[in-house]
Amino acid sequence: MYKITFTAQAAKALLKMPRNTALLIREKLNQVAANPFASIPNAKKLQGRAGYRLRVGDWRVIYEINKEEITVIVLKIAPRGEVYK
């Protein structure tokens, strides 16, 4: 299982959002960490830049996978309209 780490921006967003949404995002991230390369619904490779995105309701989670350190790095968590800016 991969370890999950958060950037300061992602951790702050997770703390500010509604509790039920934060729990759902953590649950989905645990699924990703269990096997990051499995076919996970609502997870896609980003086009035009490195990383992946995970859709959780109206929220998007942008993350990268570091194979050498066996880590999923959560870069950004934001509503759909703001995450790609």
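Things worth noting here:
- Condition met for LEU75 (hydrophobic (A, V, I, L, M, F, W, C) and touching a Ser or Thr at 6+ places or on another chain (Cβ under 8 Å)): yes
- Cross-chain or 6+ apart pairs with Cβ under 7 Å, the stretch 5-33 first and free of Cβ contacts under 8 Å to residues at least 40 places away in the same chain and surrounded by 12 or more Cβ atoms within 10 Å (Cβ to Cβ), then part of a helix (DSSP H, G or I) and of a type outside the set (S, T, N, Q): ALA22/LEU14
Each value in this text was obtained by applying a stated rule to the coordinates, not by laboratory testing. If you're wondering where the values come from, they're calculated on a predicted model, not measured in any experiment. Cβ coordinates were reconstructed from backbone atoms using ideal geometry, including for glycine residues, and neighbour counts include every protein chain displayed.
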